[in-house]
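Student: The structure's right below; bear with me while I get my questions together.
What follows draws every value from the coordinates through simple rules; no lab data is involved. From a predicted model like this one, the values you see are computed outputs, not experimental measurements. Cβ sites come from the backbone with ideal geometry, for glycine too, and all protein chains shown count toward neighbours.
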Amino acid sequence: MGSLSYLPQILVSGLGIGCVYGLIGIGFCVIYNASGIVNFAQGAFVMLGGMVTFVLMQRAGLPLPVAAVIAIAGVAGLGVVVERLVVRPLWNRNATMFVMILATLAAQIVVERSTLLLVGDQPKTLPMFTDRPPLMLAGVAISYQLLWIVGCSLAVVGLLALFFRTTRTGKAMRAVAIDREAAALQGIPVSRMLALAFALSAALGAIGGILITPTQFTAFDIGVPFAISGFIAAIVGGFGRPFGAFLGGLTLGVIQSIAIVSFGAGLKNVAALSVLLVFLFIRPSGILGPAK
Amino acid sequence: MSILRVEGLTRRFGGLVAVNDVTFDVAAGRITAVIGPNGAGKTTLFNLISGAMPPSEGRVVFDGREITGLAPEAVARLGLVRTFQLVKLFSDLTVLENVKIGTHLHARGGLFAALLRPGWAREEERAVAKAAADLLDFVGLGDLADLPAAGLSYGRQRLLEMARALAARPRLILLDEPAAGLNAEESARLSAIIRRIAAGGTTVLLIEHDMTLVMNTADEVVVLDFGRKVTQGTPHEVRNNPDVIAAYLGGVEIGHG
Amino acid sequence: MLGAVPWVFAAGLVGYALVAGGYMATVVSFALIYAVFVVGLNLFMGFTAQVSFGQNAFAAIGGYSSAVLTTMFGWEPLPAMLTGVCGAVLAALVVGYPTLRLKGHYLAMATLAIGLITYEITVEWQSVTQGYMGISGIPPLGLGKWTVTSDRGQLVVLIAIVALSLFAAARIRASRLGRAFFAVAGSEEAARALGIDVARYKLAAFLLSAGFAALAGSLFVHVVGFVSPEVYGLHMVILSFTMLYVGGIGTVAGPLIGALIVSLLPEAFRGFKDYQDLAYGVALILLLIYAPRGLSTLFRRREARS
């Protein structure tokens, strides 16, 4: 049992992982708003973010920032590939929701197993972005990586808000989210928005993956727990509200780190999943209420 | 004797009042029709009676027992069974299997009966099959028993849905626009079938657009407009009621529907 | 008459394995174990048209009950197996009651989470499950002194169990219970209007499905003699769905045909083993796009047209 004096420390580390869950949760919302689809392959993007960056640094000797940028772009590209090869054909055939879920889950497995074949099953990690001892603030240790995670996440969320509010494409995506048919009638290319949503959401996942990997590790099979955590974040925030999802992620992160202190690190996923179940059973519309 | 009493029934959707303070009785053993232009609240009224949605206000009394807000399956168990405006068949199954499902309430076989098929279960299955076949003959679909339900014409699907509802042996059957999509000849046959249902002791409450069918079939007519009851009476009375002519019959021409 | 084709095909393959023995018998044994699992999945998803991505949880409960009770407490395989199945059905009751009220994506994610929670527990509860190491030395199927150790003997037992499972599925399909399942699948609204307690039948299908899953999970550990968390991982879900879609969802023979084809196909290609799960994933995606009701329906439509 962690004593109360650890509480600020717990909160701080919870906020770090919470930012990443938030980013993944936003990714869920972006695709959901564009299409009504919940992409169960979301976790693959998170895993690949860290993994591709690692491979680029190790095998091609690229510096971290370059490797990270290439990885994000590459994963975004993969997002479009998933959309074109898996989601689009089903979408055109009016597949049921269940078939869509199963297909994206299968895509998750395909990415997972391909990764296993290419890089093996050993966990990989990335160096800390800034390799210095943690800052001490009022008795609470704050690692530089945490500052990177929070800083980058907030920057991404800010940019995203700007994108949705000011750019033509961003406004079009919001219009699609509100009413797909009306948007189509107004000449917004709804199908291109779907591809864009997958690219955006894959990039968000990859960023989350790159940010978190230095604090833990990445391996071919870490995707699904991250996806579920991101999904929980999206639900807690009221599904379909991107910024609600970010807050949901922070909430989940804190709950999870309290659970780690109370029950041990091994059960952190069990704790997160239990939050999901409890939430679904008691309040499926989220803290902020449903999006529409 | 009234078998169904609807009292001050009201249902609001946001600012819209779909059904507004509607009160009427359905006499046992007779055929009562609810008519009114599109959007008059007829289907909502059926949904409130059958338990598909709870009313905002008012109550529904079936056979002396209040059933307001009961779940649809509980309402069905008491002997009140409905059909749907847009036919809801089990389209992957055969015509006969659809009707067999209708007998659900009057059989009791569970897992044990399914796996071991004791004597009573075989007996029960035979009875179910016979009842289903008889009902198909009753609505004139006897020859089509083994076809997939989805393959039937729309008019026949309506008849099948009716046979399936009858298989539940209701004391009151709610028919939601049974003549929609039927041609004149099918509609006439339907009218005869409905009369025979009532003659067999099952009370009928139906919603209908086809005025010929209503005038030829119903004993009693309730007229709704904008969610309110305009009047109630025999087909003859209703036809000559100036309010009805204004609200409904006249409205057809001026595009009220 | 065409309906007999899949049965003849299955009987031929299984018969061949029985005669050939050895490796072929082992491969077909695995296929049959999976067939039991998929029969259960089919009851819930094919007959009742409900969604669960977490049936592997119940297989894990069955498998670990068998493993722990026989190795740590010296139980006979049969009572251990029975306990596992009952435990899984009980767990399904506890979990299913709140879960099955959910709809759509929430139901899908909740069931996926249940599978994952079980996986994490099998990894973390080391004092009982021995974590990633797994449990070995699990005794083979048997009763008292009489144990089934040969490949052929195991195959015979599994054939009997699969035959019984398929028989059960066929009988359920033709019964009041099965009709209620199909009614729930066809239209919940219409089913309720006919007095069918939809929630109750969903739960019943879920419990049955969990029972079959646990039976399969338990059979696996007794046949292989070893269990680890990976046995019941997410790939089990994808694999079983692939089998169900290959064989034909909602049909009686589908689970067996699908399990046989999907298990035997990789054996036809050398060096294919490494790519197995990858290939299942790709195959499943292709099937969902091009033959959403299963391969068998693809054939049937062709035949009907010509």
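Student: I need C:TYR245, C:TYR16 ordered by Cβ neighbour count within 10 Å, fewest first. Can you show the working numbers first?
Tutor: Numbers: C:TYR245 25, C:TYR16 12.
So the ranking, lowest neighbour count to highest, is C:TYR16, C:TYR245.
Student: Each residue of region A:175-190 in order: what ³J(HN,Hα) in whole Hz does its phi give by Karplus 6.51 cos²θ - 1.76 cosθ + 1.60, θ = phi - 60°, with x for Gly and Pro?
Tutor: Residue by residue, region A:175-190 yields 4, 4, 4, 6, 7, 4, 5, 4, 5, 4, 5, 7, x, 7, x, 4 Hz.
Student: Please report the base-10 log of the normalised intensity I(q)/I(0) for chain B, using a Debye sum with one equal scatterer per alpha carbon and no solvent, at each q in 0.10, 0.11 (1/Å).
Tutor: So the normalised log intensities work out to -0.51, -0.61.
Student: Evaluate peptide B:96-109: per residue, the Cβ atoms of other protein chains within 10 Å of its Cβ; return the mean as an integer. Working shown, then result.
Tutor: Values: counts 0, 6, 5, 0, 3, 10, 7, 4, 10, 3, 1, 3, 1, 6.
For peptide B:96-109, the averaged partner shielding equals 4.
Student: While we're here: Given that compact globular proteins tend to follow 2.2 N^0.38 Å, what is the ratio of the alpha-carbon Rg of region C:4-305 to that value?
Tutor: On the way: Rg = 18.7 Å, N = 302, 2.2 N^0.38 = 19.3 Å.
Rounded to two decimals, the normalised Rg is 0.97.
Student: Something else about it: Based on the alpha carbons, how large is the Rg to Rh ratio for chain A when Rh follows Kirkwood? Don't skip to the end; give the middle numbers.
Tutor: Numbers: Rg = 18.6 Å, Rh = 19.3 Å.
Rg/Rh: 0.97.
Student: So if each residue of separation counts as 0.36 nm, and I subtract the Cα-Cα distance between B:TYR154 and B:MET53, what length gain in nm does that give? Could you put the intermediate results ahead of the total?
Tutor: Working: separation 101, 0.36 × 101 = 36.36 nm, distance 2.65 nm.
Gain on extension, B:TYR154 to B:MET53, equals 33.7 nm.
Student: Hey, rough spin-label estimate for A:ALA265 and C:LEU286, points 7 angstrom out along Cα→Cβ, what's it come to in nanometres?
Tutor: 4.2 nm
Student: Can you give me the Cα centroid spacing of region A:98-172 and region C:101-149 in angstrom?
Tutor: Region A:98-172 and region C:101-149 have Cα centres separated by 31 Å.
Student: Residue by residue, what Karplus-based ³J(HN,Hα) values in Hz, rounded to whole numbers, does region A:60-66 have, using 6.51, -1.76 and 1.60 with θ = phi - 60° and x for Gly and Pro?
Tutor: Running phi through 6.51 cos²θ - 1.76 cosθ + 1.60 with θ = phi - 60° gives 9, x, 6, x, 3, x, 5 Hz.
Student: Now, a different point. 7 Å from Cα along Cα→Cβ at both C:TYR132 and B:ARG122: what's the point-to-point distance in nm?
Tutor: Placing both labels 7 Å along Cα→Cβ, they lie 5.8 nm apart.
Student: While we're on this one: Mind scanning B:LYS42/B:LYS130; B:LYS229/C:LYS103; B:LYS88/B:LYS229; A:LYS171/B:LYS88 and naming the pairs with a C-alpha gap bigger than 32 Å?
Tutor: Values: B:LYS42/B:LYS130 35 Å; B:LYS229/C:LYS103 37 Å; B:LYS88/B:LYS229 28 Å; A:LYS171/B:LYS88 40 Å.
Violating the 32 Å Cα-Cα cut-off are B:LYS42/B:LYS130; B:LYS229/C:LYS103; A:LYS171/B:LYS88.
Student: Would you mind giving the average projected area, over all directions, of the Cα convex hull of the protein assembly as shown in nm² with one decimal?
Tutor: Working: hull surface 167.1 nm².
About 41.8 nm², averaged over all directions.
Student: Would you mind giving the mean number of other chain beta-carbons within 10 Å of the Cβ of each residue in C:226-236, as a whole number?
Tutor: Working: counts 0, 0, 0, 0, 1, 0, 0, 2, 7, 4, 0.
Across the residues of C:226-236, the mean count of other-chain Cβ atoms within 10 Å is 1.
Student: Just to check I understand the Karplus step: with θ = phi - 60° and J = 6.51 cos²θ - 1.76 cosθ + 1.60, what whole-Hz values come out for region C:252-266, glycine and proline as x?
Tutor: Per residue, the Karplus-derived 3J(HN,Hα) values read 7, 7, x, x, 5, 4, x, 4, 5, 4, 5, 7, 8, 3, x Hz.
Student: Taking the alpha carbon gyration tensor of region A:1-100, what are the square roots of 5 times its eigenvalues, largest first, to the nearest whole Å?
Tutor: Working: eigenvalues 195, 110, 18 Å².
Equivalent ellipsoid of region A:1-100: 31, 23, 9 Å, largest first.
Student: Using the Kirkwood radius built from alpha carbon pairs, what does the Stokes-Einstein equation give as D for region B:88-168 at 25 °C and 0.890 mPa s, in µm² per second? Walk me through the intermediate numbers first.
Tutor: On the way: Rh = 12.8 Å.
Estimated via Stokes-Einstein, D reaches 192 µm²/s.
Student: Still on this structure, please answer the following. What is the Cα radius of gyration of region C:1-153 over 2.2 N^0.38 Å, N being its residue count? Show your work: numbers first, answer last.
Tutor: On the way: Rg = 18.2 Å, N = 153, 2.2 N^0.38 = 14.9 Å.
Taking N as the residue count of region C:1-153, the ratio is 1.22.
Student: Give me the inter-chain shielding for A:110-117: mean count of other chain Cβ atoms within 10 Å, whole number please. Walk me through the numbers before you get to the answer.
Tutor: Working: counts 9, 2, 6, 11, 5, 1, 3, 4.
Mean shielding count: 5.
Student: Using helices alone, what [θ] at 222 nm do you get for the protein assembly as shown, with -39,500 (n - 2.57) per DSSP H run of 4 or more residues, divided over all residues and rounded to the nearest 500? All intermediate terms of the calculation are to be shown ahead of the outcome.
Tutor: On the way: 36 runs with 528 residues, N = 855.
After summing the helix terms and dividing by the residues of the protein assembly as shown, the value is -20000 deg cm²/dmol.
Student: Now for a different question. Hey, got the dipole for the protein assembly as shown? About the Cα centre, +1 on K and R Cβ, -1 on D and E Cβ, debye to the nearest 20? The partial results should precede the final answer.
Tutor: Values: 62 positive and 48 negative charges, 98 e Å.
With only Lys, Arg, Asp and Glu charged at Cβ, the dipole is about 460 debye.
Student: Using a basic spin-label model with each label point 7 Å from the Cα along Cα→Cβ, how many nm lie between C:ARG152 and B:PHE112?
Tutor: So the label points at C:ARG152 and B:PHE112 sit 4.1 nm apart.
Student: Please order B:ARG5, B:ARG82 by the number of other Cβ within 10 Å, starting at the fewest.
Tutor: The fewest-first ordering by Cβ neighbours comes to B:ARG5, B:ARG82.
Student: If Lys and Arg each add +1 and Asp and Glu each add -1, what is the summed charge of the other residues whose beta carbon sits under 9 Å from the beta carbon of B:HIS104?
Tutor: With Lys, Arg at +1 and Asp, Glu at -1, the neighbours total +3.
Student: Sticking with this one: Mark the label point 7 Å from the Cα of A:TYR144 along Cα→Cβ and return the residues of region A:213-255 whose backbone N is within less than 17 Å of it.
Tutor: A:213-216, by backbone N distance to the label point.
Student: Okay, next question. Restrict the search to region C:51-135; then list the chymotrypsin sites (Phe, Trp or Tyr not before Pro) that DSSP places in a loop and that have at most 11 other Cβ atoms within 10 Å of their Cβ.
Tutor: On the way: sites: C:PHE53, C:PHE58, C:TYR64, C:PHE73, C:TRP75, C:TYR106, C:TYR119, C:TRP125, C:TYR132; in loops: C:PHE53, C:PHE73, C:TRP75, C:TRP125.
The qualifying sites are C:PHE73.
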